[in-house]
Amino acid sequence: MGTSIKAMEAYISKLEMQIGVEKDKVANLQKYTQKASTETQEMISKVRKFCSIILEKDIVTGNTTSSDIQRMSLNEILDAAKATYQRESVKTQEIFEKFAEKLDEKNTKIRSLTALCSQLQTKLSRCTDYENLDNPDKDADIASAAVSIPVENTSPLPSKQAAVPQDDDFIKALKTESQTEQTSPSQSKGAVSDNRSNAKQSIFSTPIYGLHDLSKIENRLTDIQWKTLEIIGSKGLSEVPDILENTIIEWNGSKPSKTTVRNGIKELVNLSVLNSYKINTGLRWSNLCEFSTEGEQFYKERFGKSPVPSEMSLLLKAHGSYDHGYGIKDTASTLSQVLLFDSVSTDRKANYIKINDKESSIPDVIAVKDNITHYIEYECGTHTYAEFDEKCHKLMQITDKIFFVVPNKDVLKKLMTQIEHWIKSEGGREKLEPLGIRVYLTTLRMLASQIWKVEYDMSQKEPFIIDDDEETSDNEKPQAEKKEEG
């Protein structure tokens, strides 16, 4: 019995200890619950206060009262705040978009006004004294020709010649332009040697052997052929018709026929003394000739001096391809001889224009007629959209009349697409119209007929296009037209 009582007391003591432990747990739980409840109430209060801030505009406008907010459950006030936030977010986005649109309009206007100021500044600083271009030196960089363009004699201000550019500025401009200037499709985009090796071959035969036996070659050449080499080396002539004419004129004695001189040139090509190429400017096909590397040495040994730089090499160096260089030459001569412009310049240093500290431009042709200056670009269609946009943006800071001449209708179609792309990049026609910007586009063949095929008047949605069924692409021209001059 005594043992049972002791066991019972021990059990009761154990239960009391367990009860004490549980009481401690309950006390701790009550503290945690109280703390959590306090924090929850604080959070609810903060949420209500935050939602009240969101709903403040509704309170001001009378859509909701403070009492309404106090009576709302937490879920209700959260839903109301969410709806208001979403509604205000939409309004805020609309306001942001309106501000962005206004800002864009302001920036476009500033850009247009800046271009207009640059235009006026360029015109005021450029004079019309082109006396040195009336009789250009053919051996200087590239022949300057007289050119100008058609259309209305509209130019806001009389033009004035720009000051001669600093050499450093001009060299930088050439380097910048050389990075973007693309060669024509018929020629390589790489080094000069690549342009030569990939240019279209003329109708002359492929060389039969190199200059490994100079004495053998010397014995083969006729006096007329020696005269031809002398003329090419002393005058730098490259076009076969010019070489034929000069050889005949300077020959002492009975004048040889063109066929005789031409056949002599063909043999010089076969002997690897000369390289030959064929180009098409859109106005004509023509064969070109210049000394090969071996031919230059051959000439030097025969005449005791190096040949002068050929017209081909000068145009290639200046314009990146034969097609581009001779296209510019034909454009200049057409403007000078057909459209009778007072003066025309294709000299790159003379044509250099510094727009601002960061931008400059070198138009292919600058032509003057009746004291009105025209800026013309001959395009082969090799520029990317970005390059063409940049070119046009520079030109619009120089002039409000931009002229493009192309070789054929295929390039013309491509340029029309690029012109539309540029117009969009400037903010559209409505942004260019206040500046009086107009763009004229034609082929070289139509320029010779004094016709500008396409005119972009920014007050009109579409360009004005003259229909001309006679215009054909390069590949569609009859063989009769492809026959080289001379």
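The values are calculated or read from the model by the stated rules, or taken from the named source; none is laboratory data. Predicted, not measured: the structure shown is a model, and the values here were computed from it. FYI the Cβ positions are ideal-geometry reconstructions off the backbone, even for glycines, and counts take in every protein chain you see. Calculation scope for accessible area: heavy atoms of the full protein, side chains included, ligands and nucleic acids excluded. Shrake-Rupley method; radii C 1.70, N 1.55, O 1.52, S 1.80 Å.
Among the listed residues Lys82, Lys31, Lys25, identify the single one that is under 60 Å from the mean Cα position of the chain (by Cα), open to solvent by 100 Å² or more (accessible area, probe 1.4 Å) and modelled with pLDDT of 80 or more. Full working, then the answer.
Numbers: Lys31 fails: under 60 Å from the mean Cα position of the chain (by Cα); Lys25 fails: under 60 Å from the mean Cα position of the chain (by Cα).
After ruling out the rest, the residue left standing is Lys82.
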Those residues of the range 291-344 which are in contact with a Pro (Cβ under 7 Å, 6 or more places away or on another chain) and surrounded by fewer than 18 Cβ atoms within 10 Å (Cβ to Cβ), in sequence order:
Glu296
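Conditions (1) at pLDDT below 95; (2) not hydrophobic (A, V, I, L, M, F, W, C), marked per residue:
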{"position": "Ile217", "(1), (2)": "yes, no"}
{"position": "Asp223", "(1), (2)": "yes, yes"}
{"position": "Gly236", "(1), (2)": "no, yes"}
{"position": "Ile248", "(1), (2)": "yes, no"}
{"position": "Pro256", "(1), (2)": "yes, yes"}
{"position": "Asn270", "(1), (2)": "yes, yes"}
Quick one: in the range 34-63, of everything that is open to solvent by less than 50 Å² (accessible area, probe 1.4 Å) and of a type in the set (Gly, Ala, Ser), which residue is modelled with the lowest pLDDT?
Ser52
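Matching residues to (1) within 30 Å of the chain's Cα centre (by Cα); (2) polar (S, T, N, Q); (3) closer than 30 Å to Ile423 by Cα; (4) modelled with pLDDT of 80 or more:
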residue	(1), (2), (3), (4)
Thr65	no, yes, no, no
Arg71	no, no, no, no
Ser112	yes, yes, yes, no
Thr122	yes, yes, yes, no
Among the numbered criteria (1) assigned to a loop (DSSP other than H, G, I, E, B); (2) of a type outside the set (Asp, Glu); (3) under 19 Å from Thr281 (Cβ atoms), which single criterion is violated by Ile376?
(1)
So which residues in the range 376-396 are touching a helix residue (DSSP H, G or I) at 6+ places or on another chain (Cβ under 7 Å), within 21 Å of Leu113 (Cβ to Cβ) and open to solvent by 10 Å² or more (accessible area, probe 1.4 Å), if there are any at all?
Asp389
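Which fully enclosed strands (runs of 3 or more DSSP E) of the range 259-351 have 2 or more residues being in contact (Cβ under 8 Å) with a residue 12 or more places away in the chain and under 26 Å from the mean Cα position of the chain (by Cα)? If you could, list the steps in order and put the result at the bottom.
Values: elements: 274-280, 285-291, 343-345.
Correct list: 274-280, 343-345.
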Selection from the range 438-457 of residues that are buried (at least 19 other Cβ atoms within 10 Å of the Cβ) and out of contact with any strand residue (DSSP E or B) (no Cβ under 7 Å at 6 or more places or on another chain):
Arg445, Met446, Ala448
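Does Ile366 qualify as being part of a loop (DSSP other than H, G, I, E, B) and within 25 Å of Ala350 (Cα to Cα)?
Working: part of a loop (DSSP other than H, G, I, E, B): no; within 25 Å of Ala350 (Cα to Cα): yes.
So Ile366 does not fit the description; no.
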Would the range 8-16 turn up any residue that is open to solvent by 100 Å² or more (accessible area, probe 1.4 Å), under 30 Å from Arg71 (Cα atoms) and either among the basic types (Lys, Arg) or modelled with pLDDT of 85 or more (or both)?
no
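What number of residues within the range 379-388 satisfy the criterion of being part of a loop (DSSP other than H, G, I, E, B) and not polar (S, T, N, Q)? Working first, answer last.
The initial filter retains those residues of the range 379-388 that are part of a loop (DSSP other than H, G, I, E, B), namely 379-384.
The next check asks that each one be not polar (S, T, N, Q); those that pass are 379-381, 383.
Residues that pass the stated criteria total 4.
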If Lys278 meets every condition in (1) open to solvent by less than 10 Å² (accessible area, probe 1.4 Å); (2) touching a strand residue (DSSP E or B) at 6+ places or on another chain (Cβ under 6 Å); (3) not hydrophobic (A, V, I, L, M, F, W, C) apart from one, which number is that one?
(1)
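Answer with yes or no whether Lys391 is over 23 Å from His319 (Cα atoms) and assigned to a helix (DSSP H, G or I). Outline the logic, then answer.
Details: over 23 Å from His319 (Cα atoms): no; assigned to a helix (DSSP H, G or I): yes.
It is false that Lys391 is over 23 Å from His319 (Cα atoms) and assigned to a helix (DSSP H, G or I).
Are any of the residues in the range 360-371 farther than 20 Å from Glu462 by Cα, open to solvent by 40 Å² or more (accessible area, probe 1.4 Å) and among the hydroxyl-bearing types (Ser, Thr, Tyr)? It would help to see each step written out before you state the result.
If we filter the range 360-371 for residues that are farther than 20 Å from Glu462 by Cα, which is where we start, we get 360-371.
Going one step further and asking which of them are open to solvent by 40 Å² or more (accessible area, probe 1.4 Å), we end up with 369-371.
Subset that is among the hydroxyl-bearing types (Ser, Thr, Tyr): none.
Checked against the condition, which is being farther than 20 Å from Glu462 by Cα, open to solvent by 40 Å² or more (accessible area, probe 1.4 Å) and among the hydroxyl-bearing types (Ser, Thr, Tyr), the range 360-371 yields no hits at all.
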Of the listed residues (Leu288, Leu283), the one being open to solvent by less than 10 Å² (accessible area, probe 1.4 Å) and of a type in the set (A, V, I, L, M, F, W, C) is Leu288
Residue check, Gly427 against (1) assigned to a helix (DSSP H, G or I); (2) more than 24 Å from Ile366 (Cβ to Cβ), all met but one. Which one?
(1)
